[in-house]
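To start, the structure itself, in structure tokens.
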Amino acid sequence: MKKILLTGVSGQVGHALLRQLTELNEYKVVGCDRQQLDLTQPEQIKHVMREVKPDLVINPAAYTAVDIAESERELAYAINATAVQILAEEAARLHASLIHFSTDYVYDGTKPSCYVETDAVNPVSVYGASKLAGEEAIRNIGLPHLILRTSWVYGSYGKNFMKTIIRLGQEREVLRIVADQHGAPTSDISIAQSVLQLINYWQPVHSEQSGVYHLVNAGETTWYGFAKAIETQYKALSREYGWPAMALKEIQPISTEEYPTPARRPVNSRLLTAKVAKQFGVTLPEWPQALTQVMAELDFTSAET
Ligand SMILES: NC(=O)c1ccc[n+]([C@@H]2O[C@H](COP(=O)([O-])OP(=O)(O)OC[C@H]3O[C@@H](n4cnc5c(N)ncnc54)[C@H](OP(=O)(O)O)[C@@H]3O)[C@@H](O)[C@H]2O)c1
């Protein structure tokens, strides 16, 4: 039986993938958390790869603390670039292929319209630059690969914007949310379901299929628009499900300048997904629909939520 090595199973995407990949009958999935595979340890990466001998490596693990990365450059690069290079080198030695995740933050956000995969990259943060370095390492090694650039990831598991808005909405009457950054919230479920489809349609022997693909939910909004949708959907569902009531009465739109952060973020994170649709027939649901699907998974009786 063929084997998949999946990293970062304690993260949002890794967790969703671990659930979803059980549907693949022809693969055995070996999921690793940080204890089993620490990406800051090159020798451990080599050891695990040589022990497991995967046919396919899926790497959602990453250093994702965008603001802290500004002061932890070395660690961000160790995990997002050096470790990715070693994973790709080891995968190439085994004639395995690689599915890797990257980010809208490789772009500077100055393009007035949606980004396509061939647009120039120009990260404006350490996190974005470290993710781009990981992409470049994979391209240089040249093994069969899919680099999936996604954005604004959230789900019912892990820490994310949706969970923060729900928690703050239960505590506060007024929230102020940035309304001038544009992009697509993308659910962990949508990503995992798309990856399952990709594994079924991708033929790694066809080298022209290797490359970068945007993978985000359809439609676009701002962080403010996303927060409003979370508020509306939560309030509608909380009555039905008996969830804790929201204290929230008002969400105020603010500018990026009014909410300074250590890392700069692109004002335009809108990514066109025509390439993944054309190449593999993969289309992702509209983001409000994906939000409803995630909301239905919320469980306020568990410590996780
Ligand atoms: N989150 C977003 O909004 C977003 C947006 C665009 C792109 N992406 C990309 O999408 C992918 C998945 O993101 P996500 O949201 O699922 O991230 P996440 O929830 O922050 O999870 C990151 C995972 O990486 C693991 N990790 C961190 N350092 C590690 C190390 N030294 N060794 C091994 N594992 C380590 C974490 O383990 P611990 O639980 O032990 O820390 C966790 O399992 C990443 O490539 C990310 O760059 C994310």
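The values are calculated or read from the model by the stated rules, or taken from the named source; none is laboratory data. As the structure is a prediction and not an experimental result, all values here were calculated from the model. Cβ coordinates were reconstructed from backbone atoms using ideal geometry, including for glycine residues, and neighbour counts include every protein chain displayed. Quick note on the areas: whole protein, heavy atoms, side chains included, nothing else; ligands and nucleic acids left out. Shrake-Rupley method; radii C 1.70, N 1.55, O 1.52, S 1.80 Å.
Kindly check whether there is at least one residue in segment 194-210 that is more than 21 Å from LEU18 (Cα to Cα), open to solvent by less than 70 Å² (accessible area, probe 1.4 Å) and modelled with pLDDT of 95 or more.
Step one: filter segment 194-210 for residues more than 21 Å from LEU18 (Cα to Cα), giving 203-210.
Those left that are additionally open to solvent by less than 70 Å² (accessible area, probe 1.4 Å): 204, 209-210.
Of the ones still in play, those that are also modelled with pLDDT of 95 or more are 209-210.
Yes, segment 194-210 has at least one match.
Have a look at ASN217, ASN200 and point out the one that is among the polar types (S, T, N, Q), closer than 30 Å to ASN25 by Cβ and in contact with an Asp or Glu (Cβ under 7 Å, 6 or more places away or on another chain). Spell out the reasoning first.
Working: ASN200 fails: in contact with an Asp or Glu (Cβ under 7 Å, 6 or more places away or on another chain).
That would be ASN217, the only listed residue that is among the polar types (S, T, N, Q), closer than 30 Å to ASN25 by Cβ and in contact with an Asp or Glu (Cβ under 7 Å, 6 or more places away or on another chain).
Take the residues in segment 147-171 that are of a type in the set (D, E, K, R) and more than 16 Å from LEU298 (Cα to Cα); name whichever of them is nearest to the ligand (Cβ to nearest atom).
If we filter segment 147-171 for residues that are of a type in the set (D, E, K, R), which is where we start, we get 149, 159, 163, 167, 171.
When the remaining residues are screened for being more than 16 Å from LEU298 (Cα to Cα), the result is 149, 171.
Working: ARG149: 7, GLU171: 23 Å.
Looking at the filtered set, the residue picked out is ARG149.
Please go through segment 11-34 and give me each residue that is in contact (Cβ under 8 Å) with a residue 60 or more places away in the chain and within 14 Å of the ligand (Cβ to nearest atom), ordered by number.
Passing the criteria: GLY11, GLN12, VAL13, HIS15, ALA16, LEU17, ARG19, GLN20.
So, in segment 1-34, exactly how many residues are polar (S, T, N, Q) and open to solvent by 50 Å² or more (accessible area, probe 1.4 Å)?
Here is the first cut: in segment 1-34, the ones polar (S, T, N, Q) are 7, 10, 12, 20, 22, 25.
The next check asks that each one be open to solvent by 50 Å² or more (accessible area, probe 1.4 Å); those that pass are 10, 22, 25.
Looking only at that region, the number is 3.
Report, by residue number, each residue of segment 130-153 that is open to solvent by 10 Å² or more (accessible area, probe 1.4 Å), assigned to a strand (DSSP E or B) and over 23 Å from ALA263 (Cα atoms).
Answer for segment 130-153, where residues must be open to solvent by 10 Å² or more (accessible area, probe 1.4 Å), assigned to a strand (DSSP E or B) and over 23 Å from ALA263 (Cα atoms): just HIS145.
Inspect all residues belonging to segment 24-45 and state whether any of them is out of contact with any strand residue (DSSP E or B) (no Cβ under 7 Å at 6 or more places or on another chain), polar (S, T, N, Q) and closer than 25 Å to PHE161 by Cβ.
No, the conditions are met nowhere in segment 24-45.
Please determine, by comparing only the residues of segment 154-208 that are in a loop (DSSP other than H, G, I, E, B) and touching a Phe, Trp or Tyr at 6+ places or on another chain (Cβ under 7 Å), which one is nearest to VAL57 (Cα to Cα). Can you show your working first?
If we filter segment 154-208 for residues that are in a loop (DSSP other than H, G, I, E, B), which is where we start, we get 155-160, 172-173, 179-181, 184-185, 202-206.
Within this subset, residues satisfying the condition of being touching a Phe, Trp or Tyr at 6+ places or on another chain (Cβ under 7 Å) are 160, 179, 181, 184-185, 202.
On the way: ASN160: 25, ALA179: 37, GLN181: 33, ALA184: 26, PRO185: 25, TRP202: 14 Å.
The extreme case among them is TRP202.
Which of (1) more than 8 Å from the ligand (Cβ to nearest atom); (2) charged (D, E, K, R); (3) touching a helix residue (DSSP H, G or I) at 6+ places or on another chain (Cβ under 9 Å) is the odd one out, the single condition GLU43 does not satisfy?
So GLU43 meets the others, but not (3).
If the requirement is being within 9 Å of the ligand (Cβ to nearest atom) and at pLDDT 95 or above, which of these qualifies: LEU5, LEU37, LEU56? Write out each step before concluding.
Details: LEU5 fails: within 9 Å of the ligand (Cβ to nearest atom); LEU56 fails: within 9 Å of the ligand (Cβ to nearest atom).
Of LEU5, LEU37, LEU56, the one residue that is within 9 Å of the ligand (Cβ to nearest atom) and at pLDDT 95 or above is LEU37.
Could you list, in sequence order, all residues of segment 16-50 that are among the small types (Gly, Ala, Ser) and within 11 Å of LEU196 (Cβ to Cβ)? Before the answer, list the steps.
In the first step, residues of segment 16-50 are kept if they are among the small types (Gly, Ala, Ser); the result is 16, 31.
Passing the criteria: only ALA16.
Per-residue answers, yes or no, for (1) in contact (Cβ under 8 Å) with a residue 24 or more places away in the chain; (2) open to solvent by 30 Å² or more (accessible area, probe 1.4 Å):
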{"position": "ASP38", "(1), (2)": "no, yes"}
{"position": "LEU56", "(1), (2)": "yes, no"}
{"position": "ALA61", "(1), (2)": "yes, no"}
{"position": "ALA65", "(1), (2)": "yes, yes"}
{"position": "THR82", "(1), (2)": "yes, yes"}
{"position": "ILE86", "(1), (2)": "yes, no"}
{"position": "ALA96", "(1), (2)": "yes, no"}
